[in-house]
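Please read the structure below before turning to the comments.
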Amino acid sequence: MINDEALEDFDELSEIGDDTESLFERLSLTVDKGQEPLRIDKFLQQRLEKASRNKLHQAIEKGQVLVNNQSIKPNYKVKPGDLLLVLSEKSPETFDVKPEQMPLSIVHEDDSIIIINKNPGMVVHPGCGNYQGTLLNGIAWHLKNQHPDIDEKLLPRFGMVHRIDKNTSGLLVLAKTEKVSKDLSHQFFEHTVNRKYVALVWGNLENDEGTITGHVGRHQRFRKIMDVYGDGDYGKEAITHYTVLERFRYVTLVECRLETGRTHQIRVHMQHKGHPLFNDETYGGDKILKGTVFTKYKQFVDNCFEICPRQALHAQTLGFTHPGTGEKVFFNSPIPNDMQQVLDKWRKYTVQ
């Protein structure tokens, strides 16, 4: 059976960010303790809908099935504890998007674009094991409601030109036509889109402002996460500019401006610099990294974690050239309530 925790991990993997790689994770699971030795193609056929032995054999031969991050042969027999990763050349956006009614925070809409203020915890697009409750399901309903006679198959799948992680809040722009999508995609490619985030990070940054560089790519051992590498062949160039907004002794509020847009870029860049995002479980920010040893302090931090049960990261500003009018447009989103409450608590704590 598929481990539930592994499926939850895959939900996070489906948020692939702005960096689109040649292969996409389709399934990540750990083989149960009681599993008897079984050929991997038979094992996967039992767990993947519409997967034929022949297609699985081809995928294994092409290196699109990894066991413990290593390529294997079709006759490999799975054993308890094996970590299986199935890759595909097919992007997650190619899944059918079924309209689903849900509350959406639409900041702006016209004939060309929709600006959404995404809540934390919402996955952006459907993926394997995660077909419902995503932002695109809600957008499909919204468009269907505007145009009842539209063929659902014609609902724009090309509207998503960038993404933010499941547990990151803030602004996203979606294109309403293919022409607009190409225009916006070009702006993102040329790094002319203005994107600013606010993040609460562990530690007291040495400088008031700076730039973090280093290629970002999949971790060599743990495919669920990203890592920072030198300027070699692995990963892709990533540049994050930061400015300190407020210091709270043990944590710091920073503004991050993206020059590039890689998967988990701010999260992994800050972790690489030694300042993981506050309560970022994936990159080690979900435990006390700075501060005192007093029990009262631990209780304070734990309370903050409960108030903001996700990485403290918010996409606050989005600016670009409007594909329809040619004018520069800017949109801003206030810091969400969970982050704001934590910031207020740190302000009070540091003046004690």
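Size descriptors for the stretch 206-270 (Cα atoms only): Rg and Dmax, in that order, 12.9, 39 Å. Peptides 135-143, 184-192, 69-77 ranked from most to least packed give 135-143, 184-192, 69-77, packing being the mean of other C-beta atoms within 10 angstrom over each peptide's residues.
Distant-in-sequence amide contacts of LEU205, defined by a placed amide H-H separation under 5 Å and a gap of 5 or more residues or a different chain, comprise nothing. Considered as an equivalent ellipsoid built on the Cα gyration tensor, the stretch 168-291 has semi-axes of 26, 18, 14 Å, the largest given first. For the stretch 306-352, a Kirkwood hydrodynamic radius built from all Cα pairs, placed in the Stokes-Einstein relation at 25 °C and 0.890 mPa s, yields a translational diffusion coefficient of 187 µm²/s.
Each 10 Å bin from zero holds the following percent of Cα-Cα pairs in the stretch 251-352: 13, 40, 29, 13, 4, 1. Annotation: lysines with alpha-carbon distance below 28 angstrom to LYS179 (same-chain offsets under eight excluded): LYS90, LYS98, LYS118, LYS144, LYS153, LYS166, LYS196, LYS236, LYS328.
Sequence-ordered 3J(HN,Hα) estimates for the stretch 302-317 from the Karplus curve with 6.51, -1.76 and 1.60 and θ = phi - 60° stand at 4, 5, 5, 4, 5, 5, 10, x, 6, 5, 7, 9, 9, 7, 8, 10 Hz, glycine and proline given as x.
Couplings 3J(HN,Hα) of the stretch 331-345, computed from phi: 10, 10, 10, x, 4, x, 4, 5, 5, 4, 4, 5, 4, 4, 5 Hz, in residue order, whole Hz [Karplus 6.51 cos²θ - 1.76 cosθ + 1.60, θ = phi - 60°; x for Gly and Pro].
Only Cα pairs under 8 Å and 6+ residues apart enter the sum, and on that basis the relative contact order of the stretch 204-352 stands at 16 percent. Could you please report the charge total around ASN204, scoring K, R as +1 and D, E as -1 over all other residues with beta-carbon less than 10 angstrom from its beta-carbon? Charge balance in the 10 Å sphere: +2. Remark on ASN194: its backbone amide H falls under 5 Å from those of GLY319, PHE320, a criterion applied only to residues 5 or more positions apart or on other chains, H modelled at 1.01 Å from N. Using the average count of surrounding beta-carbon atoms within 10 Å as a protection proxy, the listed peptides 167-177, 241-251 rank, highest first, as 167-177, 241-251.
Think of a 1.4 Å ball rolled over the protein heavy atoms: the stretch 251-352 then has 46 Å² of accessible area per residue.
The values are calculated or read from the model by the stated rules, or taken from the named source; none is laboratory data. Because the structure is a prediction, the values reported are computed rather than measured. With ideal geometry, Cβ positions are generated from the backbone for all residues, glycine too; neighbour counts draw on all protein chains shown. Note: accessible area is taken over every heavy atom of the protein model, side chains too, but ligands, DNA and RNA are not part of it. Shrake-Rupley method; radii C 1.70, N 1.55, O 1.52, S 1.80 Å.
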